[in-house]
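Enquirer: Could you have a look at this structure, given as structure tokens, before my questions?
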Amino acid sequence: MKPSTPLFSLLAFPLVCLLAVPGATTNAYAADDDDAFRMAAIVDAAVKPVIEQHRLPGMAVGVTVDGKRYFFNYGQTARQGGRPVTKETLFEIGSVSKTFAATLAAYAEASGKLSLQDPVSRHLPALRGGIFDKVTLLHLGTHTSGLPLAVPERIDSESGMVEYLSAWRPTYPVGTHRVYSNNGIGLLGAIAANRLGGPYSELIRTIVFEPLGMKHSHFRVPADRQADYAQGYTATDAPIRMKEGYLWEPAYGIRSSSGDLLAFIEANMPGARIDDTLRQAIARTHVPRFRAGPITQDLIWEQYRYPATLQQLLAGNAAILRAEAANPIDVAAQSRQPAYLHKTGSTNGYSAYVAFVPDKRIGIVLLANKAYPVDQRVTIGYEILSRVAERTKP
């Protein structure tokens, strides 16, 4: 592969499934597994009221506890003519996709292809001599570049993007404020793919999906998987699916399953059996980089000192799209602290949430095929992981 590749070509009682190791089903319904039934009670208590309140057509929940996987599936893939939701049902995961882009960028750095301290203009020579001499790749991956949320709809080419970026001026000095940006992570993903010498989607497949056994994750759903692709619904129950836009793949482009995302979460845990370069890359995405209001911003992941309170998580979520003064963290001076990491994701008809505590080796995935409030996703995840942590205390 050569780095000359064009830069931008680049949610009733649930069925329960318990997996002890990746790909090994120990009991399809876990009928004799006391842990699974206790877990089902915890998940039901948190999830069912929200399913009923928002009339969610379907929901998939995955929980991992020290490598043991639990799956709880509710409802159907569509209101009419759907299938029962399973751990292989495909949902749009929205901005959870950004964590994969961050992983790819960190992988490129661990492979010696770039440094997160590089100015963007080093990798986009057309932007030399302007503001992108000051904007670094780290700024792109931590929402501190100042770039706005969305790519203008009129942009559909690399030349159009370069023209837009050349004319753009930040509202705040670079690196001083956290401003949530699809633009930033999209640009970072494209640059990482270019330095690694391949199309973005193909690199995610070969570097992340395949090594982690993520067989039910796609950017575009193949024809033979369409029946497993849940139909999304807006908050007012209108059917809808993702609209692709420029740089959509790194920003919000992945369709995935609860089983696959749980595998990804487990790869983010200590002791994961993965390639050394991928391990280094994932570890780099967990490094705290900026403090912005209630949020400690890692490379895309949002981090809170563990044990966090629900109020802290909700305060962070309330600030997610608000410009917040950002203060850089001296990584070398930081002592390592247990952390709660999470990321929300939304498209107009789908809702996603992932959270995990590496030191406790616990994590959760929530996927639904209808839009419902992010605060409720954060609350469900927090309540379940808090109960799980109580049960796993030595």
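Enquirer: Mind checking the dipole of the chain: about its Cα centre, +1 per Lys or Arg Cβ, -1 per Asp or Glu Cβ, Debye to the nearest 20?
Expert: 360
Enquirer: Give me the one-decimal nm value for the distance between modelled label points at SER157 and LYS48, 7 Å along each residue's Cα-to-Cβ direction.
Expert: Calculated label separation equals 5.7 nm.
Enquirer: How long are the three semi-axes of the equivalent ellipsoid of region 177-269, in whole Å, if each is the root of 5 times an eigenvalue of the C-alpha gyration tensor, listed from largest down?
Expert: 23, 20, 14
Enquirer: Show which lysines lie in cross-link reach of LYS243 when reach means a straight Cα distance below 30 angstrom and same-chain residues fewer than eight apart are skipped.
Expert: LYS48, LYS87, LYS98, LYS215, LYS343, LYS370
Enquirer: Okay, next question. Please report the Cα spread of region 15-391 along all three principal axes, rounded to whole Å, starting with the longest.
Expert: That works out to 66, 47, 36 Å along the principal axes.
Enquirer: Continuing with the same structure: Decide, for region 286-394, between rounded, prolate and oblate: order the square roots of the alpha carbon gyration tensor eigenvalues as a ≥ b ≥ c, take rounded if a/c falls under 1.5, and otherwise choose prolate if a/b is larger than b/c, else oblate.
Expert: It is oblate, given that a/c is not under 1.5 and a/b is not larger than b/c.
Enquirer: Could you give the length gained on full extension between LEU310 and ALA238, defined as 0.36 nm per residue of separation minus the Cα-Cα distance, in nm?
Expert: Working: separation 72, 0.36 × 72 = 25.92 nm, distance 3.14 nm.
Taking LEU310 through ALA238 to full extension adds about 22.8 nm, to one decimal.
Enquirer: I've got another one for you. Can you tell me, using C-alpha contacts under 8 Å and at least 6 residues apart, the relative contact order of region 188-303 as a whole percent?
Expert: 21
Enquirer: GLN280: net charge of surrounding residues, Cβ under 14 Å, Lys/Arg +1, Asp/Glu -1, itself excluded?
Expert: Details: positive: LYS113, ARG279, ARG284; negative: GLU109, ASP275, ASP276.
Within the 14 Å Cβ shell, the charges total 0.
Enquirer: Can you tell me the relative contact order of region 15-391? Whole percent, Cα pairs under 8 Å, sequence separation 6 or more.
Expert: For region 15-391, the relative contact order is 23 percent.
Enquirer: Counting other Cβ atoms within 10 Å, which trypsin sites (Lys or Arg not before Pro) in region 230-330 have at most 12 and lie in a DSSP loop?
Expert: Numbers: sites: ARG241, LYS243, ARG255, ARG273, ARG279, ARG284, ARG289, ARG291, ARG305, ARG322; in loops: ARG241, LYS243, ARG273, ARG289, ARG322.
Loop-located and lightly packed - LYS243, ARG273, ARG322.
Enquirer: What order do you get for PHE219, PHE264 when you list them from fewest to most C-beta neighbours inside 10 Å?
Expert: Placing the least packed residue first, the sequence is PHE219, PHE264.
Each reported figure results from applying straightforward, stated rules to the coordinates on display, with no laboratory input. Note that the structure is predicted; figures quoted are calculated from it, not measured. Glycine also receives a Cβ, built like all others from the backbone with ideal geometry; neighbour counts cover every protein chain displayed.
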